[in-house]
Amino acid sequence: MKKNRLLLLSLSAGLALSAAGCGSSGGEKETAASAGATAAATGTTAPSSGPKPELRALSIWMKDDYNTYPVAKVIEEKTGYKVKYDMLPADKADDKLNLLISSAEPYDSITIGGNKALYADYAKKGALVDLGPLIEKYGPNIKASISEETFNAVKVDGKIYALPMRAVEFSSTSLMVRKDWLDKLGLQMPTTVDEFTAMLKAFKEKDPGGNGDKNAPMTINGASPIIENLIGAFGMPNGWSALDGKLVPRPLHPGFKDYMAYVADLYKQGLLDKEFAVNKDATMKEKFTSGKAGVIVLNWADIPTIGDALNKNFPNAKFAYLPILKGKDGKGGLNANSGFDRITFIPKASKHPEDAIKWMNAKLEKETFKEIAIGVEGKHYTFKDGLYTPILPIFTDERNQANNFLTGMDEKNYPTYWQARVQKDARLFEGWSYLNKVMPKEMRTPDPLGVAPVLPTFSKENAQLNQLLNDYAVKVIVGEEPLSSVETFANKYKQAGGEASYKEINDWYTTKK
């Protein structure tokens, strides 16, 4: 977040220059941008006349060209708007976006991931169009599709500057184990932390992978020392967890020291990969698929890739998610996504803010939205007993990346439509179903801050506080910091913004309750 703040310090100056619209060889472009900005800011954009204008849309990176992907043609046919799509880079997307916003590039629609902090910064800097008046006038489908709760969560100073797209609430990441290793050793799936430890010891001592000293019972990504599923056994499935009527961050939670002690002991015993601190995500996965590790942390979306690589090396290999592990007091839980998958806004530099809202509204007409999201019944999917099942391979070819074209969603129906996406691969569906259908619902804990309103202090400090936590946790696990330093770290965390965030969050949480 510090980097974003520094870049955004120049944002006001960039906007001022574009509004002045003089003293530059690009004066014509700047004048047009500022004219659109002025009209949009006042909500008095003149009605379009004649043919619909071509719109410019910027969205997150995807592997295919937006302009030639089949969904683009569907949207054009259904809405009547031709759109020129650009995408942000896969790496350092925020840096690129900061540059485009500060230079008043006249996009009519910009869609980012669920980064409310970045979006709120733009809104507070005066870089975005207030969408409230436009939605009231031109957005009946938008109002029917997106709930008041959702809109409240993205309001900045009481105004709506974006169309939010809520994430479908599901658990996505947990511990994956080599099931054939368990079978080889005659072991059952562990259900408690103690049984989990015993399983790792068996992997180390009995070497079911046949790697000798190169074997790592468990490996993780060095950037993610907070281990999903395991952390829930210590009462902290989310970054902020409910405790005695308050929301408490992990470093201030009484279970944090116990968690750190446990993982540090795994490392000391050689049950956690000695090289984990330098592991990238790809390194962790390679160790699992090459047979050097028996347990990793895995998102269900990665199951097909992991499965293909593993079975190429070991044709008879089997893998499966572990059950929810319970701690000594019976606690256990898995984080469930909550919050926003996408956020779409209109920059002040837009030349066609009114048409942009009309376009987004047309996309949310009920049947149009469904066709954009999952295609045509009988061609892209079948529907039986309340279940949408994809027809392959055409669904993958023509709708696999359809979610990147959404600018808001039909909140009532999309979670059902969406399930067609996880049936593209039987292994994928099996993994998703285990985490979200087989495991008891009460063991999945939605992030309590997922649909919180924009909280300025928390938004500003959260990224650096998470980095502070991760850096410290790695040091404790590898023995560079003593376990006795946990209390000292808690004070450092508070002083770095944790205490101010705690107050802000709980002022809201008390009201919510």
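The values are calculated or read from the model by the stated rules, or taken from the named source; none is laboratory data. Please read all numbers here as calculations on a predicted model, not as lab measurements. Note that we place each Cβ from the backbone using ideal geometry, even for glycine, and neighbour counts take in every protein chain shown. What goes into the accessible areas is simple: the full protein's heavy atoms, side chains included, and nothing from ligands, DNA or RNA. Shrake-Rupley method; radii C 1.70, N 1.55, O 1.52, S 1.80 Å.
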Margin query: Return the residues of the stretch 95-122 that are touching a helix residue (DSSP H, G or I) at 6+ places or on another chain (Cβ under 9 Å), surrounded by fewer than 19 Cβ atoms within 10 Å (Cβ to Cβ) and of a type in the set (D, E, K, R); say none if nothing qualifies.
Written below: D95
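Yes/no matrix, rows are residues, columns are (1) modelled with pLDDT of 95 or more; (2) open to solvent by 30 Å² or more (accessible area, probe 1.4 Å); (3) under 28 Å from A167 (Cα atoms):
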| position | (1), (2), (3) |
| --- | --- |
| A301 | no, yes, yes |
| G339 | no, no, yes |
| R342 | yes, no, yes |
| F345 | yes, no, yes |
Next item on the list: Just need a number here: residues in the stretch 469-513 that are part of a helix (DSSP H, G or I) and at positive phi.
Entry: 1
Checklist line | Residues (under 18 Å from W359 (Cα atoms), open to solvent by 10 Å² or more (accessible area, probe 1.4 Å) and outside any helix (DSSP H, G or I)) located in the stretch 123-133 | finding: D130
Next item on the list: Look through G139, G158, G80 and report the one residue that is of a type in the set (G, A, S), over 21 Å from the mean Cα position of the chain (by Cα) and over 30 Å from V376 (Cβ atoms).
Entry: G158
Notebook entry, point to check: Filtering the stretch 477-513 down to residues that are modelled with pLDDT of 95 or more and basic (K, R), which residue is nearest to N462 (Cα to Cα)?
Noted result: K494
Check: Mind checking which residues of the stretch 203-236 are under 17 Å from I296 (Cβ atoms) and among the aliphatic types (A, V, I, L, M)?
Finding: A216, M218, I220, A223, I226, I227, L230, I231
Next item on the list: Kindly indicate the residue of the stretch 453-476 that is among the β-branched types (V, I, T) and modelled with pLDDT of 95 or more and also least open to solvent (accessible area, probe 1.4 Å) among those meeting that condition.
Entry: V476
Note to self: If I filter the stretch 242-295 down to residues being open to solvent by 10 Å² or more (accessible area, probe 1.4 Å) and in a strand (DSSP E or B), which single residue comes out as nearest to N491 (Cα to Cα)?
What the structure shows: V248
Next item on the list: Answer with yes or no whether G232 is of a type outside the set (S, T, Y) and open to solvent by 50 Å² or more (accessible area, probe 1.4 Å).
Entry: no
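Listed here are the residues, each with its yes/no results for (1) out of contact with any strand residue (DSSP E or B) (no Cβ under 9 Å at 6 or more places or on another chain); (2) farther than 30 Å from F340 by Cβ; (3) of a type in the set (S, T, N, Q).
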site	(1), (2), (3)
K143	yes, no, no
I146	no, no, no
V156	no, no, no
I160	yes, no, no
A167	no, no, no
D180	no, yes, no
L187	yes, yes, no
L200	no, yes, no
